[in-house]
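J.: My questions will all concern the structure given below.
Since every read-out is calculated from the coordinates, none of them should be taken as a lab result. Keep in mind that this is a model prediction, so the values were computed, not measured. Every residue, glycine as well, gets a Cβ built from its backbone with ideal geometry; the counts of neighbours run over all protein chains shown.
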C-alpha cells in the first residue's frame, strides 16, 4: 500500500485490512541539531506533506530519523478539557 494511503487509514480501517498486525500509538518527541534544520528547510515541502499537513512526511526516505518504542500509552494534552483531566490525575 502506498505511504499516503496507509497514513490516511483510521484505526478501525487498519484493523479490518490487517487484522493480525500490531497498531502503534504515535508519541512525537522532536529534537533537532542546527545542521538538521538547515537540511530540512532545503528539502522544501513535498506533495504528501501539503496534502496531509504533516511536516514529518518531508523527511521520510530522505533524512535518517530515530524511532523508539515504549510499553505505556502517554497522556495526551490537546484541549483545555485534556489539561483539566491530566491535572486531576497528577494530583
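J.: With each pseudo-label sitting 7 Å past Cα toward Cβ, what's the residue 23-residue 70 distance in nm, one decimal?
T.: Modelled inter-label distance: 2.1 nm.
J.: On to the next question. Would you calculate, for the chain, the mean residue ellipticity at 222 nm contributed by helices, counting each DSSP H stretch of 4 or more residues as -39,500 (n - 2.57) and dividing by all residues, to the nearest 500? Walk me through the numbers on the way to the answer.
T.: Working: 5 runs with 40 residues, N = 91.
It comes out at -12000 deg cm²/dmol, rounded to the nearest 500.
J.: Still on this structure, please answer the following. I need to check one value: relative contact order of region 22-91, counting alpha carbon pairs closer than 8 Å and at least 6 residues apart, in percent.
T.: On the way: 21 pairs, mean separation 14.5, N = 70.
With pairs under 8 Å counted, the relative contact order is 21 percent.
J.: So for the pair residue 81, residue 31, with labels modelled 7 Å out along Cα→Cβ, what separation do we get in nm?
T.: 3.4
J.: So how much slack lies between residue 40 and residue 91, counting 0.36 nm per residue of separation and subtracting their Cα-Cα distance, in nm? Write down the numbers at each step before the final one.
T.: Values: separation 51, 0.36 × 51 = 18.36 nm, distance 4.01 nm.
14.4 nm is the gain from fully extending residue 40 to residue 91.
J.: Give the whole-number value, in cubic angstrom per residue, of the convex hull volume spanned by the C-alpha atoms of the chain. Numbers along the way, then the final one.
T.: Values: hull volume 15.3 nm³, N = 91.
Taking the convex hull of the Cα positions in the chain, it is 168 Å³ per residue.
J.: Let me ask something additional. Order these peptides, 20-32, 48-60, by their mean beta-carbon neighbour count within 10 angstrom, highest first. Walk me through the numbers before you get to the answer.
T.: Values: 20-32: 7.6, 48-60: 14.0.
Answer by packing, highest mean first, reads 48-60, 20-32.
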